[in-house]
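The structure under discussion appears below in the form of structure tokens.
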Amino acid sequence: MQGYAHSLMKTSFFGTALVLGLLSAIGPFAIDMYLPALPSIGQSLGASMSAVQASLMAFFIALGLGQIIYGPVSDMVGRKPPLYFGLGLFALASVGCAMAPDIETLVALRFVQGLGACAGMVIPRAVVRDLHTGHDAARLMSLLMLVFSVSPILAPLAGSVLIEALGWRSVFWSVMVAALMGIVLLATSLPETRPAHARVDSSVGSAIAAYRLLLRDRNFLGLVFIGAFGISSFFAYLANSSFVLIDHYGLTPRQYSLAFAANAASFIGVSQFTGTLSARFGLVPLVKFAVVGFAAVMALLLAINLAGVERLDVMIGLLFIGYGFLGLVVPTTAVLALEEHGTIAGTASALMGTLHFVTGAVVMALTGLFVDGSALPMLAGIAGSALMALVLTQLTLRPALLQEEKAHA
């Protein structure tokens, strides 16, 4: 199987990552370009802050739930057909969102849009596992994230420019065009990495059996939830940062976009050291180190806010450092979780993605219950998620850590 994939994929690591990263980034673009528009959408449609946030949450829930379907289907029919379907559905729903007359319609269509977008979230991870394992997989995953992470840097800024010039509906027309470009890219630049002979034993029954196997695998679940709570901390930031930074701190949408991009730049920059550091120190020790740093910084940020220090520069600076540590956590936990499940990589990637996004949606909902216009609910959600990741790391990786340390010794 791996030899087949290698014979197909003659491009460089970066070329492969470029294609997979761009396909993966289409859905997040629909999130990140949308963030600067949240306050103006509420004003335009006469909707409350919680109702506008529901449109974001609906997208996240769909991203999580839809992956349960796409993953096994990609094991059964190959990686490309479900990608075509997902991108097409995303493009159609984007047109509907652009024409939505009220907040209820927008929320419903954002859910459909998320169902389309999740194909690009789950299947590229399975393609990585089709092609590589171990440190090579970590290197490819980090390069994929380099391209993927262009979204949180450029998308909010591009969104703010579009919103100022053409209004919030232009965001959805632009992501529709991105989806059509993704279909062209898929047709011309990505070969099938799941050959027909590998699909012979894949069926609905085998998918159910695979899910049962994965749900009984404590190591898999532990690694998935470490990554899930790490990502959830960013989801808490996604859902609340535009209101906090624009309404509470008085930033313009463009200033907000730059502040948001700083955290993404930290995440991207540090994630590029994943391959080098994991080769030198091992994947498991790297995860443990990164989670400890991530949790310590985010807990410190919450403590400073509780002490009455609400300076914007302090918050942005500590978030920059904390999300740098997170840049090491996400790719390494994903590689470790998929490492032993190559024959069901699509299904394993689907379950991982679903648990990531459902956990993120729950954290977003919980932080939304305490929204009061200040930064405290957002920072509590971020720090709480980071501490949960720390607890799970200690429970999940201790035996594996000792074994890997012995191997390196």
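To keep it simple, each residue is scored yes or no on (1) under 30 Å from Arg398 (Cβ atoms); (2) touching a Cys at 6+ places or on another chain (Cβ under 9 Å).
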{"residue": "Phe172", "(1), (2)": "no, yes"}
{"residue": "Ile226", "(1), (2)": "yes, no"}
{"residue": "Phe234", "(1), (2)": "yes, no"}
{"residue": "Tyr237", "(1), (2)": "yes, no"}
{"residue": "Asp247", "(1), (2)": "no, no"}
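In the set Ala187, Ala179, only one residue is closer than 21 Å to Leu106 by Cα and of a type outside the set (Phe, Trp, Tyr); that residue is Ala179. Suppose the filter is at pLDDT below 80 and in a helix (DSSP H, G or I); does Phe85 pass it? Spelling it out, it is not the case that Phe85 is at pLDDT below 80 and in a helix (DSSP H, G or I). Contact map, the stretch 67-84: first residue over 23 Å from Thr359 (Cα atoms), second residue of a type in the set (Lys, Arg), Cβ cut-off under 6 Å, separation 6 or more or different chains; pairs are Met76/Arg199; Gly78/Arg194; Arg79/Arg194. Of all residue pairs spaced 6 or more apart or on separate chains, those with beta-carbon atoms under 8 Å, a first member in the stretch 210-237 that is of a type in the set (D, E, K, R) and a second member that is assigned to a helix (DSSP H, G or I) are Arg218/Thr396.
The residues listed here are Pro124, Pro101; of these, the one that is modelled with pLDDT of 80 or more and not in a helix (DSSP H, G or I) is Pro101. Name every residue in the stretch 84-111 that is within 30 Å of Thr343 (Cα to Cα) and either touching a Pro at 6+ places or on another chain (Cβ under 6 Å) or surrounded by fewer than 24 Cβ atoms within 10 Å (Cβ to Cβ) (or both), in order of residue number. Listed by number, the residues that qualify are Tyr84, Phe85, Gly88, Leu89. Going residue by residue through the stretch 71-80, is there one that turns out to be out of contact with any strand residue (DSSP E or B) (no Cβ under 7 Å at 6 or more places or on another chain), surrounded by fewer than 19 Cβ atoms within 10 Å (Cβ to Cβ), hydrophobic (A, V, I, L, M, F, W, C) and in a loop (DSSP other than H, G, I, E, B)? Within the stretch 71-80, not a single residue is out of contact with any strand residue (DSSP E or B) (no Cβ under 7 Å at 6 or more places or on another chain), surrounded by fewer than 19 Cβ atoms within 10 Å (Cβ to Cβ), hydrophobic (A, V, I, L, M, F, W, C) and in a loop (DSSP other than H, G, I, E, B). Total residues in the stretch 297-309 satisfying the condition of being surrounded by 16 or more Cβ atoms within 10 Å (Cβ to Cβ) and without any contact (Cβ under 8 Å) to a residue 24 or more places away in the chain: the figure is 1. For Ser151, the conditions (1) modelled with pLDDT of 80 or more; (2) in contact with a Phe, Trp or Tyr (Cβ under 7 Å, 6 or more places away or on another chain); (3) crowded, with 20+ Cβ neighbours inside 10 Å all hold with the exception of (1).
Residue check: Thr133 meets all listed conditions (1) surrounded by fewer than 18 Cβ atoms within 10 Å (Cβ to Cβ); (2) at pLDDT 80 or above; (3) within 21 Å of the chain's Cα centre (by Cα) but one, namely (2).
The values are calculated or read from the model by the stated rules, or taken from the named source; none is laboratory data. Being a predicted model, the structure only gives us computed values, none of them experimental. Reconstructed Cβ throughout: ideal geometry from the backbone, glycine too, with neighbour counts over all protein chains shown.
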